[in-house]
1. With a 1.4 Å probe on protein heavy atoms only, work out how much accessible surface B and A bury together, total over both chains, in Å² to the nearest 100.
2. So, with a 1.4 angstrom probe, what is the percent of accessible area on region B:598-712 that is carbon and sulfur?
3. B:R279: net charge of surrounding residues, Cβ under 9 Å, Lys/Arg +1, Asp/Glu -1, itself excluded?
4. Assigning unit charges at the beta carbon (Lys, Arg +1; Asp, Glu -1) and nothing else, what dipole magnitude in debye, to the nearest 20, does region A:209-257 show about its Cα centre?
5. Specify the inter-centroid distance of region B:418-489 and region B:16-36, based on alpha-carbon positions, in whole Å.
6. Cross-link list A:K6/A:K253; B:K241/B:K309; A:K161/A:K308; A:K247/A:K699; A:K349/A:K411: which exceed 30 angstrom alpha carbon to alpha carbon?
7. List, largest first, the extents of the alpha carbons of chain A along their principal axes, each in whole Å.
8. Enter the angle in degrees (range 0 to 90, nearest 10) between the Cα long axis of helix B:25-34 and the first principal axis of the Cα atoms of chain B, meaning the one along which they spread out most.
Number of protein chains: 2
Amino acid sequence: MPDIAKLLWPKTVAVVGASSDTKGLRGRILEVMLSHPYAGTIYPVSRSATEVQGRKAYCSVAELPGPADLAVLIIPAEFVVEELERCGRAGVKAAVILSSGFAEEPGEAGTRMQEALRATAARYDMAVCGPNSEGFANIAAALCPTFSPAMDVSAGPLLPKRPLGGQVSVISQSGGLGFAFFDRARGRNLAFRHIVTTGNEAVLETSDFLDAMLDEGKTDVYLLLLEDVKTPAKFRRAADKALKAGKPLIVAKIGQTEPGRRAVASHTAALAGSHAAYRAIFQHHGVIEGRDFDEMIDLAVGFLACGKKLPAGKRMGVCTSSGGAGVWMADACVRAGLEVPMLDDATRKAIDVHLPSYGTSQNPVDSTAQGVHKLGYAEFARLVGQSPLVDGVMVVVTARRSAFLENDLPKLQALGRDSKKPVFMWTYTLPSDRSVEILNEAGYPLFTGALGCARTMRAMADYRALRERLLRPAEMHSIPAPDRAAARAMLAAAAPVLCEWHARPVLAAYGIGGNTAGQLVHSAAEAEATARAMARPAALKVQSADIPHKTEAGAVALNISGDGARAAYERVLAAAKRHAPHARIDGVLVQPMAPPGREVILGVNRDPNWGPLLMVGLGGVLVEALGDVALAPVPLDHAGARALLGRLKGAAVLGAFRGAPPADTDALVELMVQLSLFAADYADEIAEIDLNPVIVHAKGQGVSLVDALIVKQQPRPAQHRAAE
Amino acid sequence: MPDIAKLLWPKTVAVVGASSDTKGLRGRILEVMLSHPYAGTIYPVSRSATEVQGRKAYCSVAELPGPADLAVLIIPAEFVVEELERCGRAGVKAAVILSSGFAEEPGEAGTRMQEALRATAARYDMAVCGPNSEGFANIAAALCPTFSPAMDVSAGPLLPKRPLGGQVSVISQSGGLGFAFFDRARGRNLAFRHIVTTGNEAVLETSDFLDAMLDEGKTDVYLLLLEDVKTPAKFRRAADKALKAGKPLIVAKIGQTEPGRRAVASHTAALAGSHAAYRAIFQHHGVIEGRDFDEMIDLAVGFLACGKKLPAGKRMGVCTSSGGAGVWMADACVRAGLEVPMLDDATRKAIDVHLPSYGTSQNPVDSTAQGVHKLGYAEFARLVGQSPLVDGVMVVVTARRSAFLENDLPKLQALGRDSKKPVFMWTYTLPSDRSVEILNEAGYPLFTGALGCARTMRAMADYRALRERLLRPAEMHSIPAPDRAAARAMLAAAAPVLCEWHARPVLAAYGIGGNTAGQLVHSAAEAEATARAMARPAALKVQSADIPHKTEAGAVALNISGDGARAAYERVLAAAKRHAPHARIDGVLVQPMAPPGREVILGVNRDPNWGPLLMVGLGGVLVEALGDVALAPVPLDHAGARALLGRLKGAAVLGAFRGAPPADTDALVELMVQLSLFAADYADEIAEIDLNPVIVHAKGQGVSLVDALIVKQQPRPAQHRAAE
């Protein structure tokens, strides 16, 4: 593995292709680098000039006075591989390649050059960022090998005068967007540490940089912009490492929609992939999704300011000096999924003594302008935060003038230090720079959007809850050990499509579906005898690997009595033959109809990036009209399965609903855990599993598997796979 | 009706309570007023001083050199009524009352003073704003009778150097939030006209100001902040007037949630009311809801910049010089409900000639940095806008430096002038002030948030579509005229609760439910005979005004054959008697079971503010698990009813769904129109109507009314009503 530290923390840097023409990118990059007080040595390398921007230039990396740690390449694409080779020979251990013209180009030539670049880097074990990167900035080292105008010293200082506690790093596949995070966070007093734009990721991926920065241990919050994930397993490992360390990953995954995906595919070599799958992975690993710059910067500000002080729940105390603004914040909290409960009597009494007659302590606490003038914001926030009924405090302020906050500073600082609960500030007026500074200095995040403020608090509560759940040891104990040998043997022997009759025994080896329900019959008489022997009406289903969608083919008959079984047998067989004249039919499965209950769809689909994902959906109409399903990678433990169910919009259907008793979610969760284990064990062998529907009966009465289908993964021609 | 022009456009203003102490509110207000070049005359009125802030002060409004048009009162609450009386006698025709201590105070005294104030204003026909107002600003006249720090000249000029075309006015019940709109829109180059903070609205309401400004005709977009609506009919009239004039109302209704409502009730005299009802009214009248300052300001910027140039549909062309940013914008568009279709071949050909090999014309059009440097933003936007497949253009720019835009200005101006479609600009970098100016000057709105940009475009498309629909003459023609006399007589004669047997004939007079289905029986034998005579299985339902919820009482039996009718009759009667021993039972209704179809809930509820609202919801599970219902005021025409159905999340259920043919939405829409007409005709007599469920059969096969209930409006004691 190449050493990323050589890339991010070089002592000597060669800029290959440097020019004195600062109108062009080759001149701009050196100009930007020289504008900052980087302590290391910068060598311009130029074939044509002996001096660049007043510095002695060298004609090759081989001719430098000493070896460079890092080479910055900004030369035409066709010379890059050759130059990288030269760097390797000269002992350069890292390179950032800003040249474009590689895999992002249509045609084969660029892709071939990128392959050659990768091979060269591997040969010399070089840490390479790019190609098609916009460079990076190591702000802690004042090193900015990039032509981004955002990093020019004229755009402002690299660090705010009084930064909010902690540091944030950006890793972005898009150059422009990566540096825009830095640019747009100006005025929020964030201390950025690294900004890396990874371009085509021929060698080093987002996950590699993330992993290296986690090892470095100095970044507290990460802002990631992803077009794709090159090596899914690596991303998942890095995300887990971040979660364990309590360093939030705030991620914008662009290309979520069909036109967005189209654009990603066209402008880079990346394939955006299914967003549902990405979302499943993010939610599973505690990755926080952001949709826009401001939202993501709000999240970074919140997490940085609060550090480990995350809300233990969703109950907020709101205090305000402006009645209307307090109402708006209370609305925003509820809209973001937070609660604003009435405060307890003791807290109210402690507040009431400070309120004029037109104030109120109920929550929102309207301390009124008069109350705040007397006591300050901090004291009311402290009183509200003491309530055992709140997990965090939202303080509505007007930060247009700083004088008042300045007076309140000692109390604000004391509260920021002593409070065990997060305290957020929202200003409804345009804040002055000094006000932002004062509040940030005292340790508070300041928001200008009420919704952004509330959403950030909500994300912090979710992050804490998820982290606590995910870091708890998995509860797998209650599942009986599967008979893996039996399942593997059956699966290996089976045809590519396992219809219910073949799927059930395989699933049963994992405890799924209990004993195989029903019987396979081969004649009308046998069907009748079987149906008559059953306590409930029967279902008759044609079994054939060639007819995976039996219902659409008319090859299923439901609610059949013993009297009707003969006719039904003939009917479903005839329909099957009409539908697929050449189908090989195994027989007709005769089963008792399941007793009533809530209908659930369970399935597993193998995502080309992320492998098998368990899917759960509730009720036919909810799934089909609203697409109300939730996905997660496998395996899942009980808590994970329960959390997945909770993500369904229609989750209420499983509770006491329309007069029916609560459904047996314990049994459903158990089934999900078993199915997820099965899917994980055959991650590469199985393409698809459908248990549709599963009927969930009343609490204590278990579930009925009404149908089952397994489709094995087919090896595909390499050509096809690449286009996937 | 008092003359609001005297309030907003006075030639002479008396400031009663003015002081030289500019640390207090009484001094600040005069200081703020004097800091602007108001052309009229300002008289300080003071009991104690003969000179205030260097101006001659008068001891009373009666002593002024000439009569004042407007009196600004900032004196203790207990002197306000007396002072208003004095103003009235002195011929002052308008007053703005900044004093607080009226109905927003707990207890009776403040409310009584507010009543007296209202009476005094009425006696002299004075236009009164407040009390508990933060004043107003007439920016066109440079008149700012307010102590809001946002309006102090030190906070910046009242108008931007180069405003975006058109003017925006703010009407806000909250003082702080009202002026914050102005404050927070700095840097967006909006020309504000009026900012009015209405306080307790003892005399003039938000709707009155809105109406007056609409008559004035100079405001193009309105930003409203509502805690409540005092006179619903007035608001609806003003909203209609705005819609007809094409002047968008962008409204934040605060107190939408339970804690928010609690806070509204406590800090002002307002009652926030049900937000579902407000939303129904807003949607019906084309009022655009905003959730946060930034969102509302984005909307104002979009509407102002585009004027009448609203998108004819939701299809957007996206052009970008940054691949990643274009992807993000495409995602944002789709997320906001817009479309980003592939462009047509002719347009693509015209674009392709300008693109380097790594650009693409598909949409998003990635014109690349190189392409944009050659051709500029405007030319690509023009080419994209020419496509017949797009209704608007989203241009992704980097506005951090203005030089490039400056060069592109002539083309930008030409496009801004000539384009028939709206063109929006989104900058992913932090824009410089000059860049904003250039783009605004050329007629473009500039957004910093991709989501805000997309949402604004979506709102503009919706506004145009809604406006076109609402301004079309109503299509009532196809409904047969109701027999109003018959319905009125039946309703008058009926008990307070009309169970199905009584409700059906009343509804039938409006063509609802066709002939009364089923028959009322009074013995088991009669039940059997009736059930036997039916072609389908029967439903038996106990009819009693005392048992409106029959199913929960067990007083309904479904799917009963002739054989089972006797037992079912006895069973439902027994259950009814157990449930309500003293219920007066009319008999048992025996009806044929409705054939299958999609289940719909139709209802009417009388909102205490807004009167009867028609409610529609789809499918039992969808309504109950997700609360998926839509509301509208009555009556509705066919297009309105259809639009209401379209608002349901699960609307797809009515199409071809799960193998079933499309439902008979024409029949459902007809029923909704009829029911809405009925509800409108008895707006004051009926509290509630439930048609639950209505079964909608396949297209052409109509609907079945399975149950019906009407609850008459009961006159309530006045005491109770006030607390509603």
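The values are calculated or read from the model by the stated rules, or taken from the named source; none is laboratory data. Since the model is a prediction, treat every value here as computed from it, not as a measurement. Because the Cβ atoms are built from the backbone with ideal geometry, glycine has one as well, and the counts that use them run over all protein chains shown. For the accessible areas, the whole protein counts, side chains as well, though only heavy atoms, and no ligand, DNA or RNA atoms are used. Shrake-Rupley method; radii C 1.70, N 1.55, O 1.52, S 1.80 Å.
1. Details: alone 30070 and 30120 Å², together 53870 Å².
Buried area between the two chains comes out at roughly 6300 Å².
2. Details: 1900 of 3570 Å².
That share works out to 53 percent.
3. 0
4. In total the dipole reaches around 160 debye.
5. When both Cα centres are located, 41 Å separates them.
6. Among A:K6/A:K253; B:K241/B:K309; A:K161/A:K308; A:K247/A:K699; A:K349/A:K411, the Cα-Cα distance tops 30 Å for A:K247/A:K699.
7. 98, 79, 40 Å, listed from the longest principal axis down.
8. 70 degrees
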